[in-house]
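The values are calculated or read from the model by the stated rules, or taken from the named source; none is laboratory data. Quick caveat: nothing in here was measured; it's all calculated off a predicted structure. Quick reminder, even Gly has a Cβ in these numbers, built from the backbone with ideal geometry, and neighbours come from all protein chains shown.
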Amino acid sequence: MPLLTGFNSGEIRSLMVIAPKPAANAAEYERIIRERYRDLSDEFLKLYPSARMEESILATTRDALYGWTAERLVRKQDAPHPSDHLLRGMYEFNEAVVSRRREIGDVAWGWNVGIASPTLPDQKTPAN
């Protein structure tokens, strides 16, 4: 059965209670992201830059709650995949974060992302 899914850019604006409070400034935002996203922090900051911190906080929460989940449902179907993405790299980034958390097994998944995220576990090295 085909699945129709989607979301809009303003999804979190009506749910501000789930978005974390902004960091004190852009430097603090970047410090927190680098601490928590470690080797994925450059990719995170490319998608959600500190220059637009307030918008980035909303986008991070929106993409984790709606964007990644909607696109994952579509990608897991045996159907054509979307060719245009709202934000190039958003799905792949969030998939990597969730996969790493799931792989470790002791990091509960919630909508704690961005500056509210727990520290991302190191990527496991494949066995030789």
- Query: Can you name the number of the only condition in (1) free of Cβ contacts under 8 Å to residues at least 60 places away in the same chain; (2) over 13 Å from the mean Cα position of the chain (by Cα) that L58 fails?
  - Reply: (2)
- Note on the structure: Selection over segment 1-46 where residues are of a type in the set (S, T, N, Q), under 16 Å from the mean Cα position of the chain (by Cα) and exposed (fewer than 13 other Cβ atoms within 10 Å of the Cβ) yields a count of 1
- Note on the structure: Subset of segment 1-48, residues of a type in the set (G, A, S) and assigned to a loop (DSSP other than H, G, I, E, B), comes to G6, S9, G10, A19, A23, A24
- Message: Checking the conditions here, which among A96, A70, A51 is part of a helix (DSSP H, G or I), at pLDDT 90 or above and either touching a Pro at 6+ places or on another chain (Cβ under 9 Å) or of a type in the set (G, A, S) (or both)?
- Response: A51
